[in-house]
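J.: Sending over a structure as structure tokens; questions will come in a sec.
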Amino acid sequence: MDVVYTGPKGAVAAIIPAGGSGQRFGRSQPKQFIDLAGWPVLAHTLARFDQTTLVDRVILVVPADFRDEARSQIVNRYGFQKVQRIVAGGRSRQESVYNGFLALDDDVGLVAVHDGVRPLVRVSTIEAAIESAREYGAAIAAVPVRDTLKQVSDHAIRATLDRRQVWQAQTPQVFDRLWLAEALAEARRDGFTGTDESVLVERLGRPVHVVPGEADNIKITTPEDLVFAEALVKFDSEERGMRMGMGYDVHALTPNRKLMLGGVEIPFEKGLAGHSDADVLIHALCDALLGAIGQGDIGHHFPDTDPRWAGAPGVTLLGLVGEMVRQAGYKLVNADMILMAQRPRIKDYRQTMIEAMAGALDTDPALLNVKATTTEGLGPVGREEGMAAMASVLLLPRRD
């Protein structure tokens, strides 16, 4: 009768082996301490384990001479709360994992091993491997091989392997503590060195399950890997930091006022009524920008009860709002605006308006777009009682 696996009891601990000297990387400093997008590589890795609630504590394994640096410049500096111990690594990765295993507390039931130089692992991948190991006793992250694989001997192809049955192992690799203890002890007794922990457990005849990893969960081994990781971190941080905003404004038309649109005076028999110069296009753009950074609206910052803003040019207000965007740590990706007016036609002034607004924002005119539409004679705009405008913007975090 098959024995049903009942699952480990106790805490979940992660062993992060980062004990390599980085000789293959070609630098004097170990690669786990090298800067990646403003943080050491190892700090990125530890941050992922801080973010999951499924890992209770972390054992960090680093070269013996770098234990103090790891604590002061990474763990303490970035405030990682789960690092329980920092231990010295061994001559091989397997020895480093063994040293980390010896530092575990007795209440640990499940052990996750993850390369310190795989800084882009996703929290969802960590948690999927842990949940699978809870059910089956052992699980690793892996990705299917994409390329055709050849078995080669003496520079000649001997066979073509079925890639549908071949996966590329990654970390984390998560195990029942007792299974991993037995696997490490057996390997030491036999003098066997494996390329990962999974192969040690496999030697015992234990089943190891696979959870889908991610192609970007790369191990930084060469300088080229670092360049690739930098690009991935930048893309990820920008994607997560996107902010969108929308703005809308409307003003009545009135005689004896200049018509200001997009910071440009447009010849017309009427102008727009308002406390400032009533530049409806710029006001909509200001509202979109303020909305994107979560700073209310134009009426909050420039109320019509404040005499300072009486007759204020729209470009002045836009310049102030642009500075708020910069202070908030964002930059403009693009802005799209639409003016709703029956008359006048603005096509001859469109580029001048774009340049005026870009100047106020100190940005590239190519990032701004202005278009116009009539309402086919419908509503207040169609009856030439007023004009309206809408704007939408996209912002990203600044990196300077």
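The values are calculated or read from the model by the stated rules, or taken from the named source; none is laboratory data. Values in this document were obtained by computation on a predicted structure and should not be read as measured data. Glycine also receives a Cβ, built like all others from the backbone with ideal geometry; neighbour counts cover every protein chain displayed.
J.: Here is a list: S198, S132. Which entry is surrounded by 12 or more Cβ atoms within 10 Å (Cβ to Cβ), among the hydroxyl-bearing types (S, T, Y) and over 21 Å from S96 (Cβ atoms)?
T.: Being surrounded by 12 or more Cβ atoms within 10 Å (Cβ to Cβ), among the hydroxyl-bearing types (S, T, Y) and over 21 Å from S96 (Cβ atoms) holds for just one of S198, S132, which is S132.
J.: Also, quick follow-up: Restricting the search to the range 345-372, which residues are without any contact (Cβ under 8 Å) to a residue 12 or more places away in the chain and touching a strand residue (DSSP E or B) at 6+ places or on another chain (Cβ under 8 Å)?
T.: A358
J.: Could you tell me whether R206 is among the basic types (K, R), buried (at least 17 other Cβ atoms within 10 Å of the Cβ), within 34 Å of the chain's Cα centre (by Cα) and closer than 27 Å to F101 by Cα?
T.: no
J.: Also: Those residues that are assigned to a loop (DSSP other than H, G, I, E, B) and either over 26 Å from the mean Cα position of the chain (by Cα) or under 24 Å from T53 (Cβ atoms) (or both), I need them from the range 131-150; list them, please.
T.: Selection gives G137, D147, T148.
J.: Also: Please go through the range 313-338 and give me each residue that is surrounded by 15 or more Cβ atoms within 10 Å (Cβ to Cβ) and among the acidic types (D, E), ordered by number.
T.: Correct list: D336 only.
J.: What are the residues in the range 150-180 that are surrounded by 22 or more Cβ atoms within 10 Å (Cβ to Cβ) and more than 19 Å from F101 (Cα to Cα), if any?
T.: Q170
J.: A follow-up question, please. Just to be sure I understand, how many residues within the range 109-129 are part of a strand (DSSP E or B) and surrounded by 21 or more Cβ atoms within 10 Å (Cβ to Cβ)?
T.: Count: 4.
J.: Sticking with this structure for a sec: For the range 71-101, name all the residues that are in a helix (DSSP H, G or I), closer than 14 Å to G116 by Cα and in contact with a helix residue (DSSP H, G or I) (Cβ under 8 Å, 6 or more places away or on another chain).
T.: Selection gives I74, V75, Q94, V97.
J.: Kindly establish whether P397 is more than 27 Å from the chain's Cα centre (by Cα), surrounded by fewer than 19 Cβ atoms within 10 Å (Cβ to Cβ) and at pLDDT below 95.
T.: No; evaluated as a whole, the condition is false for this residue.
J.: Would you pick out the residues in the range 78-105 that are more than 19 Å from S198 (Cα to Cα) and either free of Cβ contacts under 8 Å to residues at least 24 places away in the same chain or in contact with a Pro (Cβ under 8 Å, 6 or more places away or on another chain) (or both)?
T.: Once the filter is applied, which keeps residues that are more than 19 Å from S198 (Cα to Cα) and either free of Cβ contacts under 8 Å to residues at least 24 places away in the same chain or in contact with a Pro (Cβ under 8 Å, 6 or more places away or on another chain) (or both), the range 78-105 yields G79, A88, G89, R91.
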